[in-house]
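Visitor: Handing you this structure, nothing more for now.
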Amino acid sequence: MAALTSRVPERVPDLVAALAGDRSIDGVWANGLGGTTWRLGIGDDVTYLKVGPIHPEFDPVRDAARYEWLSTYVTVPVPLHVGERDGWGWFESSPVPGWMAVDGIGGPAPHFADRVGETIRALGAALRHFHDAVPVGACPFTWSAEERLGRLSPRTAARLGRMPPLDPVVCHGDACNPNIHLFDDLGVAGYVDLARSGVGDRWADLAPASMSVAWNFGDGLEHLLLEGYGVGRDIPMDAVKLDWYSRLWDAGGERPAPHSP
């Protein structure tokens, strides 16, 4: 996962201006790959536009298929206009309701700053809702450990050791805390950044979600997210899988940044 920053270019790129037409344009965030996200329009007519160089982490035509399929089951951005030209792509979508739980520069968002523990548990519950709501048997996409291991060098893959047995769900694919939106009452509002979503192991999502708690809320609170998910209630704790998928995430250069919406 590429690190994101709260800065956006002071000058609106020509591609963004052309796609926005006469709508207002407000910068939202920028990432380490050269991509930027912009809010277009005002009031009930707001959409969000992501532009950036085509990259394994950003292929708008490929990504749109995932969002369209997922939108049947959970609240996600609905693709409105996608395309690519001269090595650059764009993805314009409907907004997702609610609030990002993490502030754009790290730490809890203002809406949730006075109830950090409850918010972390709510993030775990929201991830569980995603896993329960999206039917694994019908999913046409994958995010398997085998695929991810195949992108590593043989030496790096070998250091991870034997792959654990699969507990399949449809994974979010980037279940870091900023990618889950919550309502004021901490109910789940929706999900963003789903370009990797597909069938994988539930702990492949729980690992980065737990790691992200340390980045965004502080050390020693990861257990709250697991409790919110249901670990220790109807999902057995699996420290081996949590460790293995955390190391796989790090090995793939996917480590979450503290300010990564």
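The values are calculated or read from the model by the stated rules, or taken from the named source; none is laboratory data. Bear in mind the structure is a predicted one, so any value in this text is a computation, not a measurement. As a convention, Cβ positions derive from the backbone with ideal geometry for all residues, glycine included, and neighbour counts pool all protein chains shown.
Visitor: Within segment 102-116, take every residue that is within 23 Å of Phe58 (Cα to Cα) and either in contact with a strand residue (DSSP E or B) (Cβ under 7 Å, 6 or more places away or on another chain) or not assigned by TED's automatic domain parsing to the domain that holds Ala189 (or both) and give me the one that is surrounded by the fewest Cβ atoms within 10 Å (Cβ to Cβ).
Guide: Looking at residues that are within 23 Å of Phe58 (Cα to Cα) and either in contact with a strand residue (DSSP E or B) (Cβ under 7 Å, 6 or more places away or on another chain) or not assigned by TED's automatic domain parsing to the domain that holds Ala189 (or both), I get Gly104.
Visitor: Say whether the condition of being in a helix (DSSP H, G or I) and either crowded, with 18+ Cβ neighbours inside 10 Å or without any contact (Cβ under 8 Å) to a residue 60 or more places away in the chain (or both) is met by at least one residue in segment 92-101.
Guide: Initial filter on segment 92-101 (in a helix (DSSP H, G or I)): none.
No - not one qualifying residue is present in segment 92-101.
Per-residue answers, yes or no, for (1) over 19 Å from the mean Cα position of the chain (by Cα); (2) part of a loop (DSSP other than H, G, I, E, B); (3) within 16 Å of Cys176 (Cα to Cα); (4) aliphatic (A, V, I, L, M):
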| position | (1), (2), (3), (4) |
| --- | --- |
| Thr72 | no, yes, no, no |
| Thr75 | no, yes, no, no |
| Glu84 | yes, no, no, no |
| Ile120 | no, no, yes, yes |
| Phe130 | no, no, yes, no |
